[in-house]
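Engineer: Supplied in structure tokens, the structure appears directly below.
Throughout, read-outs are computed from the coordinates displayed, never taken from laboratory work. Everything numeric in this text was worked out from a predicted model, so none of it was measured. Every residue, glycine among them, receives a Cβ derived from its backbone with ideal geometry; neighbour counts consider all protein chains shown.
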Amino acid sequence: MEAKPCSNSRVINSTLVLPPDTNNHGTLFGGKLLSHIDVAASIAAIKHARKLVVTASTDSVDFLAPVTVGQTIHIEAYVTWTRNTSMEVFVKVLTENLMTAETTICSTAFLTFVAIDENGKPSQVPEIYPETEQERRLHESAKERAAQRREQRRKSKAFAEELEI
């Protein structure tokens, strides 16, 4: 499989924040933003793998600024690192006031996806390589995030085993 640049997987989705998308404070529901993030990230993963994917983890979602009615959100996602069958996707969300053109980074996130074959089994993905400085920084720090995810998953499994059904 031939390696691909991060840029090949880049996706930018935009949407207008409307009243039904917001809470009683007039700000975007966190769950609504998470849904937009998951969709954009999954498209980036599919573009890289050219296979169906499933979300394996959503971690490090940081809500940095509120998003209000009438603002536009721009969700940028791309694959930053790969293993045999998995892909880490970085997502950056910008808000834009369409009247003033003011933009703010309102959220960042890392998600992991696993490519699957027609039988729903994990399937190999191409390696990825960075081209820009930002892509290089994210690519170089990905192994550490992957180790943290593995440890968190181990802890989550242990906790789940302790819970009563």
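Engineer: Students often forget the sequence filter, so: which aspartates and glutamates lie under 19 Å Cα-Cα from K143 once same-chain residues fewer than 8 apart are removed?
Structural biologist: Output for K143: D59, E88, E127, E131, E133, E135, E151.
Engineer: Charges on Cβ only, +1 for Lys and Arg, -1 for Asp and Glu, centred on the Cα centroid of the chain; of T22, A45, Q71, which one is farthest towards the dipole's positive end?
Structural biologist: Of T22, A45, Q71, it is A45.
Engineer: With each label point set 7 Å from Cα along the Cα-Cβ vector, what nm distance links N13 and V69?
Structural biologist: Modelled inter-label distance: 2.4 nm.
Engineer: Calculate the FRET efficiency for N119 and N97 from the Cβ-Cβ distance with a Förster distance of 41 Å, rounded to the nearest 0.05.
Structural biologist: 0.30
Engineer: Which percent, to the nearest 5, of DSSP beta bridges fully inside the chain are antiparallel?
Structural biologist: 95
Engineer: When only Cα pairs under 8 Å and 6 or more residues apart are kept, what is the percent relative contact order across the chain?
Structural biologist: 26
Engineer: Taking Cα atoms, how many degrees apart are the long axis of helix 30-49 and the longest axis of the chain, rounded to 10 and kept between 0 and 90?
Structural biologist: 40
Engineer: Quick one: the Cα spread of the chain along its three principal axes, in angstroms, biggest first?
Structural biologist: Over the chain, Cα extents along the principal axes are 47, 46, 31 Å.
Engineer: How large is the helix-only mean residue ellipticity at 222 nm for the chain, computed as the sum of -39500 (n - 2.57) over DSSP H runs with n ≥ 4, divided by its residue count, in deg cm²/dmol to the nearest 500?
Structural biologist: Result for the chain: -10500 deg cm²/dmol, rounded to the nearest 500.
Engineer: Tell me the angle of helix 133-162 to the major Cα principal axis of the chain, expressed in degrees between 0 and 90 and rounded to the nearest ten.
Structural biologist: With both axes taken from Cα atoms, the answer is about 80 degrees.
Engineer: For a 21 Å ceiling on Cα separation, which of these pairs sit above it: K47/K121; K51/K92; K4/K47; K32/K92; K4/K51?
Structural biologist: Those over the limit are K51/K92.
Engineer: Taking the Cα centre of the chain as origin, sum charge times position over the Cβ atoms of Lys and Arg (+1) and Asp and Glu (-1), and report the length of that vector in debye to the nearest 20.
Structural biologist: 380
Engineer: With Cβ to Cβ distances under 12 Å as the rule, what net charge do the other residues near S141 carry (K, R +1; D, E -1)?
Structural biologist: With Lys, Arg at +1 and Asp, Glu at -1, the neighbours total 0.
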